Every structure is written in structure tokens, then in C-alpha cells.
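Note sheet for the following structure.
The values are calculated or read from the model by the stated rules, or taken from the named source; none is laboratory data. Remember, it's a predicted structure, so these values are computed and weren't measured experimentally. Heads up, the Cβs are rebuilt from the backbone with ideal geometry, glycines too, and the neighbour counts pull from every protein chain shown.
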Amino acid sequence: MSSAAAATLPTRRTFTAPLAAGTKRAAAVVCVLAALVGLYELYHWVWVSTGWTHPFVVDDTTMPHIWVILHALWQPAQVNQPALGTILFHKSLFTAKEAAVGFGLGAVIGFAIGVVLVHSRLLTRGFLPYIVASQTIPILAIAPMVVIWVNPKLPAGVQGWGSVAVIAAYLTFFPVAINTLRGLQSADPRALELMRTYAASRWTVLWKLRVPTSLPYVFAALKIAATASVVGAIIGELPSGLQDGLGGAILNFNQYYSIEPQELWATNIVAALLGIIFFVGVVAAEKAIVRRAPETVE
Amino acid sequence: MSESGNVVEIAGVTKTFPQGNVTALENIDLTLRPGEFVSLIGPSGCGKSTLLRVIGDLIEPTRGTVTINGKTARQARADRDYGIVFQDAVLFEWRNVAKNIAVPLELLGWDRAKRKERVRQMLELVELSGFADHHPWQLSGGMQQRVAIARALAFEPALLLMDEPFGALDEMTRERLNLELLSIWAKLGSTVVFVTHSISEAVFLSTRVVVMSPRPGRIAGIVDVDLPAQRSVETREDPRYFELVTEVRELLRSRGEHLLPEEEAALRSSHE
């Protein structure tokens, strides 16, 4: 091999390899999406043409065609209104605001709980049952109380959506608290002994050793929390009587399902997209922050 | 430094673990002068690692006292009077090599420029200058252990504690690192306590070999290694080296009735 070829080879590799991997990943996403749409329509076609009624009757109300759902996004839901897609875009921004604030609040509270509990076995034993119990109460039972308690205390600009953010935080903090605790506890005992030889303070051990060790656990929890915060925000809007978000839209389109099912389906797709965007945001943050050994070496 | 000038003074140290009523150490007396390289050798369960941890104030003795540089072991740990190297490198995988070496320097509150300069010197010392930006998983076991040694020595402690630091490495890497450790020790002049279960390693490295026997952990005898101070590959072929190895082995065997059969087998194979 000539020296020129040897010199260009690694350069070409470093530039094309990530690009090819990115293209591959995008292709996989598109293929899976196409397959799912195909399966949905195939199921629709088979059940309609054979007249099967199990497990449920298939018609354009129970399973509207994908193109009908997508088309609905370009149509106004009511006369003299902008297209459904435009309305849902604004509503999802409102829900995203609630979910993002709830996610941030829940993540900070959950992380703080983990940090406090890792330093005291007594506190862990005492408090953990109640932290677990908090999640066994359905969010719909908690939401009205939060709205009544929290909302009047909020400043004017935050009233309404602020209490929904608190409800979203209620769903978010739990996985973060549990996984942070687990992550902080997972510090290598030999590394803890090493820190003892440096006479390191608890605080130093926390920031130099425990927190970096916990990050993979924390990010696993944040991924769960990201989607949970969107669900929490949507559900939180229902008892709050808010019409500005996706929750209000879902409640509204529920009532018209037998006439225009595609509108609820379209709203659900937008809600799912919002959850995915939150998830991808956490994944991107993880990639930027967490340095660890690659699991597979190519 | 204490008035006596000794780096480590161990007096009447006994350690019993309440669980299972085990006496790990019984009435240990040992004194280390500045610049000594002392190996603790013995079969597993003889308490050599426990003794090292008592010196480092990681385990509290049941009776007796440990004095380091004229201070209590607790005070010495608080003053960062010693550096330690374990059997595993225990590097932080989220930090690169340079930042791993800088960990104790950060805890001591050194500023960035001072840390950077010292890390550069330490990388040179352990011959890893080209690997500052590498992460631990990109290094071989021997290289990781050199990073651990650099980290332990970065803040120039008077005392270096080593707990079977090369025990997990292959024979060839171990022998190379033995030589490297000796050259580092010659440069820095620190006092070293070195735990090992390899007779040849103990004799090759040390100025004194402390032979320990198990159940309860006692000092069976101390061998002064009167080999030339400058050790090299040839040292391992020196007749005096073989005599000393035999002397250590005899001491280990004289307490043989305390050994379990598999420990005796391990002892034999560790020499062969």
C-alpha cells in the first residue's frame, strides 16, 4: 500500500462510519414505521373483507385509515378554525411546557431524595414505603387535590398549568428517586475505600465518586420519567378543566368519536410524538454527559 | 517525622473480628525506617492485608498502636501521609488517565496549572506520557496499574502502601513492573509497605521481608535482604538471591502446621 493511501484511509473511515451508521438507523426507523402502517391496514382490510367480528368489529370508526387520520390534520376540526394540525401544534406546546417543568421539578426532587437517602439507612427504611405508596394512588385521584391545594398559591402567570406541572412532577420524581438511590449505592467499595485513604468528606465522595457512578442509572430513570411527565401533564389537564393542552383536546374529541374518530387518533399520534421528543432529548443529554466504556468494540 | 525518625511504628497490634471470633492479627510489633522497602508475605488468611489496612487507618486495631511520622494513624490519614495501590487499579472509568491521576490533587485543592504540571511529571515517571487522554478501558491491566501507582504518588506521600498490586498481572508484566517500581522508588525515596504472596517478588523488591503466619496472624520472622541496592534482571540469577528465597520459604514452612493443604500447594506453586 502506498503511503498516500495509508494516510487517507483512516480519515475516510472516521468521516463515513458515523454517517453510514446514521443513515442505517434512519432507514431502520422508516422501515419499522412502514411495516407497522402496513400491518394496521392489512388487519383492517382482512377483517373488513372477511366480516370477522373478533375481538371487535372493524370498520372506519373503530380503525380509521391511516390516510384519513393524517388528512384530518390538514382539515379544520370546526368551521372557521385553523387546521387541526395547527391547533394540535399549539396545544402540544402548552402540554410540553407543563411536562417540561414537571419533568425538571420531578427530576430535581427525585435526585435530591436519592442523595438524602443514600446517606442514611434509617431514613431509607423509614421513607421508602411512603415513596412507593405515593405511586400506588392513581394520578386521577391525586390530581383534583393538587389543583385545589396548589393552584391558589401560584402566581398569576403560572396558575392553571402550574398545578398540572406539579402533577407531572408527581409521576416523574419516583423513578428518578429510586434509580438515583440505586446508582449512588452502586459505587465500587474499593473506590470508596480509596476515597477514605484521601480522608475525603461525604460531600467530596458524593460529587467525585457516587454521582458519576450513578449517572447511567439516573439517565435510565430520566428516560422513563420523560415519557411519564407527558402522560402526567395530559392526565393532569383533565380535572383542571384546562382546554389549552392535549388533555383538553383528547377529552373533547372523545365526545365526537363515533362521528369523527380520526380526530382523536390524530391527537393521540401528536401526543405520542411529544413523548418521543422528550425521550430523545434525554438520550441526547445522556450521550453528551455520560462517558463510559463502549459495550461492544467494533 | 517522629523524634525516633521512624516512618511507621506498630506496637502490640491485635485485631479480632467479632464475626466468627477470628483473630486476624496477634501482637504485631514492626518498625519502618525512612526509605525502607518492606514486604509482608504469608499465606492467605495470615492478616497481611489487614495489617496494611491497620497502617492506613482503614481498619481500627482492637489493641495496640500505630504511629506514622510521629502521629496517630487517623491523623496521618487526615494529613494524606500515605498513598495506596490496591490489587485492582480502581480507576474512575468516566475520567481519562490524566484526570484519574489528578483525583487526589483535586481533593488537596491544588489549582489547575499545578495539577496539570504534576500529572505530566507523573505520566513521565510511569512512562505513560502518550496516554493522558486515554480512558481506563483502553489500557492493558499493567498500564492501568501504572496509572494507579502514579495516582498514589502524585501528592508525594512519604509512605506508599501496596496491597498485592501486581497480583492480577501475568508473570512477564509483573517482572517488568517490579523493575519499574524499583526505579520509581529509587527516584522518590519513599517508604514502601508491599503486600504479596510471591516469595520471589518479595525478595527481589525489598530491603526487608516480613514473613507472617496465619491463625492467628503473627510475624514468623524477618529476613534482611542484603542484595545490592541496585537491582536488575541479573539479581534474579544471583546465588545470594536464591539463598534468601530459600530462607523466606523455610520461614513460611516452619509454620506449615498452620497451613491448610491447598495453601501449602499454592505456596509451592508460587515459587515454581
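Could we say that A:V150 is within 14 Å of another protein chain (Cβ to nearest Cβ), β-branched (V, I, T) and surrounded by 15 or more Cβ atoms within 10 Å (Cβ to Cβ) here? Answer is no for this residue. Quick check, is A:A133 without any contact (Cβ under 8 Å) to a residue 24 or more places away in the chain, in contact with a strand residue (DSSP E or B) (Cβ under 7 Å, 6 or more places away or on another chain) and among the small types (G, A, S)? Taking the combined requirement at face value, the residue does not satisfy it. For segment A:59-76, a residue qualifies if it is more than 26 Å from the chain's Cα centre (by Cα) and in a helix (DSSP H, G or I), and the qualifying residues are A:W67, A:V68, A:H71.
For segment B:81-99, a residue qualifies if it is within 30 Å of B:S198 (Cα to Cα), within 11 Å of another protein chain (Cβ to nearest Cβ) and buried (at least 17 other Cβ atoms within 10 Å of the Cβ), and the qualifying residues are B:D81, B:Y82, B:G83, B:I84, B:V85, B:F86, B:Q87, B:D88, B:A89, B:V90, B:L91, B:F92.
Among the residues of this structure, A:F56 does not count as one that is under 23 Å from the mean Cα position of the chain (by Cα) and among the hydrophobic types (A, V, I, L, M, F, W, C). Within segment B:119-133, the set of residues being crowded, with 19+ Cβ neighbours inside 10 Å and either among the basic types (K, R) or free of Cβ contacts under 8 Å to residues at least 40 places away in the same chain (or both) comprises B:V119, B:M122, B:L123, B:L128. In the condition set (1) crowded, with 16+ Cβ neighbours inside 10 Å; (2) hydroxyl-bearing (S, T, Y); (3) within 14 Å of chain A (Cβ to nearest Cβ); (4) out of contact with any Gly (no Cβ under 8 Å at 6 or more places or on another chain), B:T72 is compliant with all but (1).
Let's see how each residue does on (1) modelled with pLDDT under 90; (2) of a type outside the set (S, T, Y):
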| site | (1), (2) |
| --- | --- |
| A:G106 | no, yes |
| A:I109 | no, yes |
| A:L117 | no, yes |
| A:S134 | yes, no |
| A:P144 | yes, yes |
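Going by what's in this entry, would B:G189 be described as on the phi > 0 side of the Ramachandran plot and either within 15 Å of the chain's Cα centre (by Cα) or buried (at least 21 other Cβ atoms within 10 Å of the Cβ) (or both)? Considered against the rule, which asks whether it is on the phi > 0 side of the Ramachandran plot and either within 15 Å of the chain's Cα centre (by Cα) or buried (at least 21 other Cβ atoms within 10 Å of the Cβ) (or both), B:G189 comes out as yes.
Applying the condition of being among the charged types (D, E, K, R) and either within 20 Å of A:L128 (Cα to Cα) or assigned to a helix (DSSP H, G or I) (or both) to segment A:176-191 and asking which residue is farthest from the chain's Cα centre (by Cα) yields A:R190.
Which of (1) at pLDDT below 95; (2) within 14 Å of another protein chain (Cβ to nearest Cβ) does B:L169 not meet, given it meets every other one? Failing condition for B:L169: (2). Just one of the listed residues (A:V282, A:V270) is closer than 22 Å to A:A112 by Cβ and of a type in the set (V, I, T), and it is A:V282. Considering segment A:192-270, the qualifying helices (runs of 4 or more DSSP H), each wholly inside and each with 2 or more residues that are within 14 Å of chain B (Cβ to nearest Cβ), run over A:202-205, A:211-240.
So that you can scan it fast, the table gives a plain yes or no per residue for (1) modelled with pLDDT of 70 or more; (2) under 18 Å from A:P64 (Cβ atoms):
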| site | (1), (2) |
| --- | --- |
| A:A4 | no, no |
| A:P10 | no, no |
| A:P18 | no, no |
| A:V29 | yes, no |
| A:A35 | yes, no |
| A:L42 | yes, yes |
| A:W45 | yes, yes |
| A:T50 | yes, no |
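Any chance segment A:224-233 includes a residue that's in contact (Cβ under 8 Å) with a residue 12 or more places away in the chain, under 30 Å from B:F92 (Cβ atoms) and surrounded by fewer than 20 Cβ atoms within 10 Å (Cβ to Cβ)? Yes, there is a match, as at least one residue in segment A:224-233 is in contact (Cβ under 8 Å) with a residue 12 or more places away in the chain, under 30 Å from B:F92 (Cβ atoms) and surrounded by fewer than 20 Cβ atoms within 10 Å (Cβ to Cβ). Among all residues of segment B:107-118, there is at least one that is facing chain A (nearest Cβ under 9 Å), exposed (fewer than 15 other Cβ atoms within 10 Å of the Cβ) and closer than 19 Å to A:R196 by Cα.
Of all residues in segment B:134-156, those being within 12 Å of chain A (Cβ to nearest Cβ) and either among the acidic types (D, E) or surrounded by 22 or more Cβ atoms within 10 Å (Cβ to Cβ) (or both) number 4.
As a summary of the residue check, B:L51 satisfies the conditions (1) under 30 Å from A:R210 (Cβ atoms); (2) surrounded by 17 or more Cβ atoms within 10 Å (Cβ to Cβ); (3) more than 15 Å from the chain's Cα centre (by Cα); (4) away from chain A (no Cβ under 14 Å) except for the one numbered (3).
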